[in-house]
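Quick notes on the structure that follows.
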Amino acid sequence: MSAGATRTTTATQRPTRVASGLAVCIALFALWKLGASSLSLALELLGVAAFATGVGLWRRDWLVSGSVIGFVGVAGFAGSLGVAFAAITKLSGFIRLIPGLIGVIVLALALVPARGTGSRALVKVGTALVFIGVLASGIFNAVTLGTLLLAGAATVVAWDAGEHAINVGEHLGRGQDTREIELVHVAGTGVVALVAVEAATFSGGVGPSGLSLASLVLLLVAIVLLAVALHD
């Protein structure tokens with residue numbers, strides 16, 4: 001196979017746009033529920049959008065414009081972290097929010113690859129960093145039970161959406177119209193997650209076990225992971 005054919009195949013097998021975008025947005029939603037500032041999240045979203053645009057232009061050999069816009073994306077990432085560092089006054093705040101903000105950057109790198117067809121390993125690392133914030137928020141009692149469970153569920157849905165973006169890109173290709181497939185899959189996972197949230201909230205409110213918030217989140221994630229496996 002020629003180099004040109006290989007390059008074309010790789011390009012069409014990149015993670016699909018809809019599921020990738022939803023994965024990032026859902027991860028940002030989880031951080032917002034945990035208390036990340038709107039300005040920090042807006043800068044992170046701007047960074048992701050600019051970085052994705054820059055990589056797309058670079059792949060089309062618009063090297064100068066791609067580099068400039070990509071640099072804007074990196075600046076957005078840096079600005080997001082800078083705003084977060086400036087606003088946080090307690091060590092617990094750093095533990096709860098900074099790993100998650102870094103996690104969204106890692107997730108974006110996984111789904112907007114400068115080379116190759118995306119990275120499942122980086123999707124796992126990125127969403128795991130967001131989930132650290134969920135667990136830390138439970139340990140420090142920083143948010144209510146309902147908020148904690150919703151953020152935990154959103155993190156799992158973001159992971160599943162990222163995995164789905166890579167899977168669809170590899171098997172069907174980005175050139176195909178896969179928006180309906182992506183939306184149905186992510187929506188289905190989201191519904192399962194919401195049902196799990198309601199079940200876990202009910203158990204936490206009436207159950208005699210006295211589980212900690214962090215334990216309830218772990219229970220929720222186990223339920224959602226099982227449901228996602230069955231959903232696939």
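In region 60-98, which trypsin sites (Lys or Arg not before Pro) are in a loop and have at most 13 other Cβ atoms within 10 Å, using DSSP for the loop call? Walk me through the numbers before you get to the answer.
Details: sites: Arg60, Lys90, Arg96; in loops: Arg60, Lys90.
When the trypsin sites (Lys or Arg not before Pro) of region 60-98 are filtered for loop state and at most 13 Cβ neighbours within 10 Å, Arg60, Lys90 remain.
Defining a contact as two alpha carbons under 8 Å apart and six or more residues distant in sequence, what relative contact order in percent does region 100-141 show?
Details: 41 pairs, mean separation 19.6, N = 42.
Computed value for region 100-141: 47 percent relative contact order.
Of the solvent-accessible surface of region 38-135, computed with a 1.4 Å probe over protein heavy atoms with every protein chain present, carbon and sulfur atoms account for 77 percent. Projected label points at Ala128 and Ala187, each 7 Å from Cα along the beta carbon direction, are separated by 3.3 nanometres.
Residue by residue, region 49-62 carries 3J(HN,Hα) couplings of 4, 5, 5, 4, 5, x, 5, x, 5, 4, 5, 8, 6, 8 Hz when phi is fed to the Karplus relation 6.51 cos²θ - 1.76 cosθ + 1.60 (θ = phi - 60°); x denotes Gly or Pro.
The values are calculated or read from the model by the stated rules, or taken from the named source; none is laboratory data. Every value quoted in this text rests on a predicted model; they were computed, and no experiment measured them. Methodologically, a virtual Cβ is constructed for each residue, glycine included, from the backbone with ideal geometry; neighbour enumeration extends over all protein chains shown. For the accessible areas, the whole protein counts, side chains as well, though only heavy atoms, and no ligand, DNA or RNA atoms are used. Shrake-Rupley method; radii C 1.70, N 1.55, O 1.52, S 1.80 Å.
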